[in-house]
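Beneath this line is the structure, given in structure tokens, with notes to follow.
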Amino acid sequence: MRKFGSLSEREVLALAISLEEEDERIYADYAEGLRADFPASAAVFDGMRAEESDHRARLLALYRQRFGDHIPLIRRQDVRGFVRRRPTWLVQPLGVEAVRKQAAAMEVESRTFYERAAARTEDAGIRQLLDDLAQQERSHEQRAEALEQEKLRPDVRREEEEARRRLFVLQVVQPGLAGLMDGSVSTLAPVFAAAFATHRSWDAFVVGLAASIGAGISMGFAEALSDDGSLTGRGHPWARGLVCGVMTALGGIGHTLPFLVPDFRAAMAAAVVVVIVELGTITWIRHKYMDTPPVSAAIQVGLGGALVFATGVLIGSS
């Protein structure tokens with residue numbers, strides 16, 4: 001990698017052209033990635049892409065005037081001091097707030113580059129253009145805000161917020177809730193069956209830990225293999241599988257941990273309290289994100305939990 005201070009004026013201009021082309025393509029990727037679910041935000045990035053295209057055209061015209069048609073390929077990864085960016089295609093689906101924050105960071109980096117480049121350039125014409133571009137990058141944030149005000153009217157912003165909430169429910173809440181319910185409810189029977197059969201806290205803990213981790217692995221793979229998200233919009237399958245698997249394991253481990261207490265009665269009492277908290281949490285999530293009436297959610301979750309708990313107690317006591 002080259003030090004920035006070692007670049008010639010020709011190389012600085014070539015790097016600037018490369019940076020503007022990269023930023024233009026990134027904004028185009030952002031716009032395309034957001035267009036289906038957040039069309040107004042996509043329009044904002046279309047506007048920012050157009051501005052980067054104008055910057056690149058001005059840099060190209062000055063470069064050709066000073067140095068001819070051949071432009072050496074100098075990229076950001078060839079020069080020290082630039083922040084490494086993760087390719088857009090690796091971070092699908094795009095989150096609108098994360099994208100806006102990344103765009104703001106890009107503008108700050110571009111402004112800093114032009115200010116440093118202008119400070120060390122002796123050619124008056126090149127310095128003037130770099131100063132102009134630094135000033136434009138400095139005002140780009142205001143331009144972005146103006147574009148948002150123009151494109152993201154209050155009603156449009158509400159629609160995008162609702163779309164984002166739907167995506168969050170599809171990609172995170174649903175697989176997480178499925179895992180939490182499975183882990184919290186299905187492991188009740190083996191944990192409490194072992195507890196009542198042996199009256200030993202450690203035996204119940206071992207059974208609960210094995211059941212929780214096994215269920216987490218099983219549910220994670222089942223969720224990941226259920227669909228690839230291309231038609232349902234449920235996001236990357238392995239991300240959903242990870243969320244589902246982790247929540248399944250946590251749901252089971254929650255009422256397993258109390259059995260680390262050596263005293264069996266104290267461990268049993270603590271485990272029952274944890275189960276009640278778990279079922280209450282599931283009820284709240286179903287009400288908040290799945291629009292299930294609270295009484296209906298409580299009955300459904302409570303009835304299922306009670307039946308599985310009773311099954312474990314009966315089998316363990318027999």
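Quick rundown of the values:
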item	result
Selection from the range 301-318 of residues that are free of Cβ contacts under 8 Å to residues at least 12 places away in the same chain and either surrounded by 15 or more Cβ atoms within 10 Å (Cβ to Cβ) or hydrophobic (A, V, I, L, M, F, W, C) (or both)	Leu303, Ala306, Leu307, Ala310, Leu314
Residue match in the range 13-24 (condition: within 18 Å of Glu109 (Cα to Cα), in contact with a Ser or Thr (Cβ under 6 Å, 6 or more places away or on another chain) and in a helix (DSSP H, G or I))	yes
In the range 91-119, the residues that are over 16 Å from Gly81 (Cα atoms), modelled with pLDDT of 80 or more and surrounded by fewer than 17 Cβ atoms within 10 Å (Cβ to Cβ)	Ala119
Single residue of Ala43, Ala36 found to be farther than 26 Å from Ala119 by Cβ and in contact (Cβ under 8 Å) with a residue 60 or more places away in the chain	Ala43
Count of the range 30-39 residues which are surrounded by fewer than 19 Cβ atoms within 10 Å (Cβ to Cβ) and touching a helix residue (DSSP H, G or I) at 6+ places or on another chain (Cβ under 6 Å)	2
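One line per residue, one yes/no per condition, for (1) at pLDDT 90 or above; (2) part of a helix (DSSP H, G or I); (3) closer than 12 Å to Ser184 by Cα:
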| position | (1), (2), (3) |
| --- | --- |
| Val207 | yes, yes, no |
| Gly245 | no, yes, no |
| Gly251 | no, yes, yes |
| His287 | no, yes, no |
| Asp291 | no, no, no |
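The values are calculated or read from the model by the stated rules, or taken from the named source; none is laboratory data. Not measured: the values here are computed from a predicted model. Please note: Cβ atoms are built from the backbone with ideal geometry, for glycine as well, and neighbour counts cover all protein chains shown.
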